[in-house]
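What follows is a short report on a single structure.
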Amino acid sequence: MTNLSFKRLLPNLLTILRIILTPICLYLLFIDMASLSFVLFLMASFTDFLDGYFARKYNSVSKIGSFIDPIADKMLVVGLFVSFYILNIIIDEYILFMVIFRDVFVTILRIAMQSNGIVMITSKVSKFKTTLQFLVIILLFLKIILFIDLDDAVIYCIALITAILTFYTGVHYLKNNFKQIYKG
């Protein structure tokens, strides 16, 4: 494989690494190895930054990459939100519903758009939403790993605001892509 070929494949390889790390991260959380799970979460999160960076740097944005990258993100974030819910750590059914509903809705919308040759562009609001989701996950990990006396009500409020913003980005995607979806 040439150096140029590797550079073009690197973003997708990083995304695949994130997909591989996610179930391991979740498994470790459930077997009381939260510290190691947190390290894998941080690594997986870093691959999210790196794949976008290298895709732009090497001009290697691909159809497959633009499809699997958001799927990998959703697997990581939704997987952890569901895990924290099951483990009864701050996340409740309202937060979980908003996050899951939005991610399923946006994934279906993305698939419908891509099947019609339309690429959904990630909005700045959605990038901010992802940052907040990662912040909530980090706070939850810190609470269980370091037994930091973080106020549950404060964490819950941050998680709820994040879930509301998450839900809003689904509406935002529909609104911004409505004309593209129904043109003709």
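The values are calculated or read from the model by the stated rules, or taken from the named source; none is laboratory data. Quick caveat, the model's predicted, so the values are computed rather than measured. Reconstructed Cβ throughout: ideal geometry from the backbone, glycine too, with neighbour counts over all protein chains shown. Just so you know, the surface numbers come from the protein's heavy atoms only, side chains and all, with ligands and any DNA or RNA stripped out. Shrake-Rupley method; radii C 1.70, N 1.55, O 1.52, S 1.80 Å.
Observations on the structure shown:
- Most to least accessible of Lys175, Lys74 (protein chains only, probe 1.4 Å): Lys175, Lys74
- Pairs of Cα atoms in the range 13-91 fall into 5 Å distance bins, from 0 up to the last occupied one, in shares of 3, 16, 26, 22, 14, 10, 6, 3, 0 percent.
- Pairs of lysines in the range 1-133 (C-alpha under 19 Å apart; 8 or more residues apart or interchain): 7
- Extension gain (nm, one decimal) between Ser35 and Thr107, 0.36 nm per residue minus Cα-Cα: 22.9 nm
- Pair Phe49, Ile161: separation of 7 Å Cα→Cβ label points (nm): 2.2
- The stretch between Tyr58 and Gln114 holds 17.8 nm of extra length on full extension. This uses 0.36 nm per residue minus the Cα-Cα distance.
- Rounded, prolate or oblate (a/c below 1.5 giving rounded, otherwise prolate when a/b exceeds b/c) for the chain by Cα gyration tensor: oblate
- Ranking Asn116, Leu29, Thr130 by Cα position along the charge dipole of the chain, where only Lys, Arg, Asp and Glu carry charges on their C-beta atoms, puts Asn116 farthest toward the positive end.
- With all protein chains kept in place, the per residue accessible area of the range 10-59 amounts to 52 square angstrom at a probe of 1.4 angstrom.
- FRET E, pair Glu93, Asp151, Förster distance 30 Å, beta-carbon r, rounded to 0.05: 0.90
- Accessible carbon and sulfur surface of the range 56-184 relative to its total accessible area, %, 1.4 Å: 68
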